[in-house]
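Here the structure is laid out as structure tokens; the discussion comes afterwards.
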Amino acid sequence: MSRERSDGVPGDAPVRRNGVQWPMLIGLTVVWVLLWGGLTVGNVLSGLVVAVVVTLVFPLPPIVFGGRLRARGLAVLIGWFVVELVVASVQVAALALRIGRPPLNAVIEVDLRSRSDLYLTLTAELLSLVPGSLVVEVRRSTSTLFLHVLGVRDESDVEAARRRALRQEERVVRALASDEELAAYLAEGVGR
């Protein structure tokens, strides 16, 4: 079921809801206790009070997940993420140790094919975790990422970075999408 986003663009983001969000309360309480460094009744109770206030004053929209976990897709996603993490770490280390001219960089625009906020967020997070790339801006209304990329020499490097970002999005969708979402995503790719 598609709802309208707060910016007027149709999407799958539901309207904000008020009330108790137990997973959020528990998570915030755990963070509070960890920040205070000790598991005491006072820390747990004060953390719970802070968590309730935060969730009531700053309610977040619930994340809609209509997909399903696909074991093979998830394994591919994790495997490729680890490979990209290792390769990029070596490349960034080599750039850092290189004497002479500083490495060139670029900010590139990547238009994602999926319109899901969840897949947009996961793709952006995974891209930012890989050394040498960082998402500097996101346009939610158009599912566009602006990605800072290190070590860009020419247009072919820009296109290679764009293709890596789109492959990362595809792995996220293949790991988590419902059958309908996956079919729509793949059909969108054929049209491009």
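The values are calculated or read from the model by the stated rules, or taken from the named source; none is laboratory data. Everything numeric in this text was worked out from a predicted model, so none of it was measured. Neighbour counts run over all protein chains shown; Cβ positions are idealised from the backbone, glycine included.
Can you confirm whether segment 76-84 contains a residue that is farther than 22 Å from Ala161 by Cβ and in contact (Cβ under 8 Å) with a residue 24 or more places away in the chain?
Within segment 76-84 (the criterion being farther than 22 Å from Ala161 by Cβ and in contact (Cβ under 8 Å) with a residue 24 or more places away in the chain), the answer is no, since none of the residues qualifies.
For Gly38, which of the numbered conditions (1) in a loop (DSSP other than H, G, I, E, B); (2) surrounded by 14 or more Cβ atoms within 10 Å (Cβ to Cβ); (3) outside the structural domain of Ser128 (by TED's automatic domain parsing) fails to hold?
Among (1) in a loop (DSSP other than H, G, I, E, B); (2) surrounded by 14 or more Cβ atoms within 10 Å (Cβ to Cβ); (3) outside the structural domain of Ser128 (by TED's automatic domain parsing), the lone unmet condition for Gly38 is (2).
Within segment 95-124, track down each residue that is within 19 Å of Val158 (Cα to Cα) and of a type in the set (A, V, I, L, M).
Leu95, Leu104, Ala106, Val107, Ile108, Val110, Leu112, Ala124
With the checklist (1) surrounded by 14 or more Cβ atoms within 10 Å (Cβ to Cβ); (2) modelled with pLDDT of 90 or more in hand, flag the one item Ile26 doesn't pass.
Condition (1) is where Ile26 drops out.
Please go through segment 124-146 and pick out each residue that is closer than 13 Å to Ala88 by Cβ, hydrophobic (A, V, I, L, M, F, W, C) and touching a Ser or Thr at 6+ places or on another chain (Cβ under 8 Å).
Leu127, Leu134 - these are the residues of segment 124-146 that are closer than 13 Å to Ala88 by Cβ, hydrophobic (A, V, I, L, M, F, W, C) and touching a Ser or Thr at 6+ places or on another chain (Cβ under 8 Å).
Of the residues Arg162, Arg153, Arg171, Arg139, only one is in contact with a Phe, Trp or Tyr (Cβ under 7 Å, 6 or more places away or on another chain), assigned by TED's automatic domain parsing to the domain that holds Val107 and not aliphatic (A, V, I, L, M); which?
Arg171
Report the residue count in segment 64-98 for those that are loosely packed, with under 11 Cβ neighbours inside 10 Å, among the hydrophobic types (A, V, I, L, M, F, W, C) and closer than 18 Å to Glu181 by Cβ.
2
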